[in-house]
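Everything below concerns the one structure shown next.
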Amino acid sequence: LNEANNDINNLLASTEIATVFLDAELCIKRYTPAASTIFNLIKTDVGRPIRDITSNINYESLPADAQYVLETLDRQEKEIQTDSGFWYAVRILPYRTIENIIDGVVITFTDVTANKVSREAYQLAEVVWNAESALTAIDLFGNLIAWNPAAEGIYGYTKAEALQMNVSSFIPSDRKSEMLDAVTQLREGQSLPPFQTQRIPRSGNPLAVELTVSPLLNQQNQLYGIMTIEQLVV
């Protein structure tokens, strides 16, 4: 029995999945160390109702969902977000004893932040790809790093061609200062209202476009490029 308890304690301590065991009264029986990053748990919280424990998750219906699982034996699964912006997949399951008696519930929290961000990035990429306006991005040297199909249709260059070019190839000589001014203002943290300018397509005949310029920031909140939405002015 001592060996089994030691094995369980080591298993719970080593797992990175936040897990909380509740008894039939929805009081805390046991929890993994990782659960302390979600709930404000200390050893003396064992035996306290889960509804009395503060947490940093946006999941007010947790006690009600746990009660539902206890009564119906139907698992509950949700995605919730913490106050600090992390996402967790929550799973609530009945707790079965070795005699197959339901004696509470088990709640697990699996960090899915990376997957969530990837899904959102993919959805954003789809929006960009299917947008009717030309969406482009350049680095701070003016090299094109993004070019959607609408940009291909407006300017006549394929994505493969455009990504080998510099934005200066599209800007009339008397308009080049506009982009330099935009970079300077974005570096200083200023926002820019949409403005009208001109661009040179493959045909060589200047086009009047309305430009919306936004900063591209890295994780350190530093400017590393510029994204533009470009619409033809009729």
task: Could you run the Karplus curve 6.51 cos²θ - 1.76 cosθ + 1.60 with θ = phi - 60° over segment 208-218 and give me ³J(HN,Hα) per residue in whole Hz, x for Gly and Pro?
output: 7, 9, 9, 10, 10, 10, 10, x, 9, 10, 8
query: Among 99, 79, 210, which one moves the most in a GNM of the chain with springs linking Cα atoms closer than 10 Å?
result: 99
task: State, as an integer percentage, the relative contact order of the chain based on alpha-carbon contacts under 8 Å between residues 6 or more apart.
output: 12
- request: Can you run the Rg to Rh ratio on segment 21-75? Use alpha carbon positions and the Kirkwood inverse-distance Rh.
  value: 0.95
task: Before rounding to the nearest 500, sum -39500 (n - 2.57) across all DSSP H runs of length at least 4 in the chain and divide by the residue total; then give [θ] at 222 nm in deg cm²/dmol.
output: -8500 deg cm²/dmol
Cβ-based net charge around residue 34, under 12 Å, with every Lys or Arg adding one and every Asp or Glu removing one: -2
field: Spherically averaged projected area in nm², based on the convex hull that wraps the Cα atoms of segment 68-111
entry: 3.4
- line: In vacuo Debye sum over C-alpha of segment 175-234, base-10 log of normalised intensity I(q)/I(0) at q = 0.14, 0.16, 0.18 Å⁻¹, listed in q order, is -0.44, -0.55, -0.67
- line: In whole percent, the Cα-Cα distances of the chain spread across 10 Å bins from 0 upward as 7, 24, 20, 11, 13, 15, 9, 2, 0
message: With θ taken as phi - 60° and the coefficients 6.51, -1.76 and 1.60, list the Karplus ³J(HN,Hα) couplings across segment 70-80 in order, rounded to whole Hz; mark glycine and proline as x.
response: 4, 7, 10, 6, 8, 5, 10, 9, 8, 10, 10
- line: Taking Cα atoms only, helix 176-187 is inclined relative to the longest principal axis of the chain by an angle, in degrees rounded to 10, of 20
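No value in this document is a laboratory result; all are computed from the given coordinates. Predicted model, so just to flag it, every value in this text is computed and none were measured. With ideal geometry, Cβ positions are generated from the backbone for all residues, glycine too; neighbour counts draw on all protein chains shown.
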